[in-house]
Amino acid sequence: MSPIVRAFFDRPTGSLQYVFHCPATKKAAIVDPVWNFYPEAGAVTTESADEILAYVEAEGLEVVWVLDTHPHADHFSAAPYLSQKLGAPTAIGEKVTDVQKLWKGLYHLGDDFPTDGSQWDRLFAEGDEFMVGEIPVRVMFSPGHTLASITYVAGDAAFVHDTFMMPESGTSRADFPGGSTEDLWTSLRAILDLPGDTRLYIGHDYPDEGQAPEYMATVAEHRLRNRHVKDGIGKAEFIAIRDARDATLPLPTRMLAALQVNIRGGRLPEAEADGHSYLRIPVGKFEPR
Ligand SMILES: [Fe+2]
């Protein structure tokens, strides 16, 4: 059975969020929802997640999972907010514990910060399977962009997030802490081994103002014309292309705010005595770009 997929776009961060559902049962899963963060104001709002909630209600869907593909560097995860609103469990890849350990060090968090993934209801490993109604979902470990990235293969749709971009743009960056161009290559080729008609739903697009995002191409289309990994491009060539591109990219505006929220499963640090949370910015640990 083929899931029905609806995309939602957060323009400030270029993020694609998805709801997919089983047409027979109306059971649904949310993938990579955004909790809006305005860095200049230190403000958080829920308009993106509320747009998803309105769609779920209008379609009469029963959300059974709130899924993340990895701890994002460019936006906060809205998983806890949606989980609480919908009564659905949260999940991410089990290697998120490695990302927690890495960033715990970068933020110099105390020993009381748990790095066991207990901030999520479920941690998925390579090959894990679950059902969304009558749609079988399989987890593929897809590291490279992060240590913990996973792909959800739901019937003939795969939610690949920051592995591929659209074929004209190529692939996602691998230069964040814990990133690996070589691992990304292995992950990309494993996804390209899925059946040719598999629909790959990506995590980011950066259209010009007034233009709609593009977010889906099939495995066959990527193999034919993805500018970084189409058939015929080898590992060494890919690594050279990817590393050269990454050397030109600034760090995401929200990265140092986002990781400390996302290693907490999409939660702010505990409020201080005045009732407000405060985010930490490590000074001098990253080079200016
Ligand atoms: Fe990402």
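Listed residues His161, His145, His108; which is on the phi > 0 side of the Ramachandran plot and in contact with an Asp or Glu (Cβ under 8 Å, 6 or more places away or on another chain)? Walk me through it before giving the result.
Details: His145 fails: on the phi > 0 side of the Ramachandran plot; His108 fails: in contact with an Asp or Glu (Cβ under 8 Å, 6 or more places away or on another chain).
Only one candidate passes the filter, namely His161.
Tell me, please, whether a residue that is among the small types (Gly, Ala, Ser), in contact with a helix residue (DSSP H, G or I) (Cβ under 9 Å, 6 or more places away or on another chain) and either without any contact (Cβ under 8 Å) to a residue 60 or more places away in the chain or in a strand (DSSP E or B) (or both) can be found in the range 111-128. Quick ask: steps written out before the conclusion?
Residues of the range 111-128 that are among the small types (Gly, Ala, Ser), as a first pass: 117-118, 125, 127.
Cutting the leftovers down to in contact with a helix residue (DSSP H, G or I) (Cβ under 9 Å, 6 or more places away or on another chain) gives us 117.
Within this subset, residues satisfying the condition of being either without any contact (Cβ under 8 Å) to a residue 60 or more places away in the chain or in a strand (DSSP E or B) (or both) are 117.
Scanning the range 111-128, I find at least one residue that is among the small types (Gly, Ala, Ser), in contact with a helix residue (DSSP H, G or I) (Cβ under 9 Å, 6 or more places away or on another chain) and either without any contact (Cβ under 8 Å) to a residue 60 or more places away in the chain or in a strand (DSSP E or B) (or both), so the answer is yes.
Taking the range 270-280 as the search range and keeping residues that are aliphatic (A, V, I, L, M) and surrounded by 10 or more Cβ atoms within 10 Å (Cβ to Cβ), which one is farthest from the chain's Cα centre (by Cα)? It would help to see each step written out before you state the result.
Taking the range 270-280 and keeping what is aliphatic (A, V, I, L, M), we get 271, 273, 279.
Filter once more, keeping what is surrounded by 10 or more Cβ atoms within 10 Å (Cβ to Cβ): 271, 279.
Details: Ala271: 26, Leu279: 21 Å.
Going through the qualifying residues, I end up with Ala271.
Looking only at the range 153-170, count every residue that is away from the ligand (no atom under 12 Å from the Cβ) and farther than 24 Å from Phe130 by Cβ and tell me the total.
5
What pairs come up if the first residue lies in the range 14-28 and is over 19 Å from Asp208 (Cα atoms), the second is at pLDDT below 95, and their beta carbons are under 9 Å apart, counting only those six or more places apart or on different chains?
Close Cβ pairs (under 9 Å, with a partner that is at pLDDT below 95) amount to Cys22/Met1; Pro23/Met1; Ala24/Met1.
So Ala79 clears everything in (1) surrounded by fewer than 22 Cβ atoms within 10 Å (Cβ to Cβ); (2) within 16 Å of the chain's Cα centre (by Cα) except one condition, right? Which one?
Only one criterion in (1) surrounded by fewer than 22 Cβ atoms within 10 Å (Cβ to Cβ); (2) within 16 Å of the chain's Cα centre (by Cα) is unmet by Ala79, namely (1).
Of everything in the range 40-80, what is touching a strand residue (DSSP E or B) at 6+ places or on another chain (Cβ under 8 Å), more than 22 Å from Pro3 (Cα to Cα) and outside any helix (DSSP H, G or I)? Give them in sequence order.
Within the range 40-80, Ala43, Val44, Thr45, Thr46, Pro71, His72, Asp74, His75, Phe76, Ser77, Ala78 meet the criteria.
Can you confirm whether the range 204-213 contains a residue that is without any contact (Cβ under 8 Å) to a residue 60 or more places away in the chain and within 15 Å of the chain's Cα centre (by Cα)?
Checked the range 204-213: no residue is without any contact (Cβ under 8 Å) to a residue 60 or more places away in the chain and within 15 Å of the chain's Cα centre (by Cα).
Of the conditions (1) crowded, with 24+ Cβ neighbours inside 10 Å; (2) touching a residue at least 60 places away in the same chain (Cβ under 8 Å); (3) assigned to a strand (DSSP E or B), Val137 fails just one. Which one is it?
In the conditions (1) crowded, with 24+ Cβ neighbours inside 10 Å; (2) touching a residue at least 60 places away in the same chain (Cβ under 8 Å); (3) assigned to a strand (DSSP E or B), Val137 misses (1) alone.
Could you tell me whether Arg264 is under 21 Å from the mean Cα position of the chain (by Cα) and within 24 Å of Asp68 (Cα to Cα)?
Numbers: under 21 Å from the mean Cα position of the chain (by Cα): yes; within 24 Å of Asp68 (Cα to Cα): yes.
Yes.
Counting only residues that are within 12 Å of His145 (Cα to Cα), give me the helices (runs of 4 or more DSSP H) lying completely in the range 160-262 with at least 2 of them.
Numbers: elements: 181-192, 219-225, 235-246, 255-262.
So the answer is 181-192, 235-246.
The values are calculated or read from the model by the stated rules, or taken from the named source; none is laboratory data. Quick caveat, the model's predicted, so the values are computed rather than measured. Neighbour counts run over all protein chains shown; Cβ positions are idealised from the backbone, glycine included.
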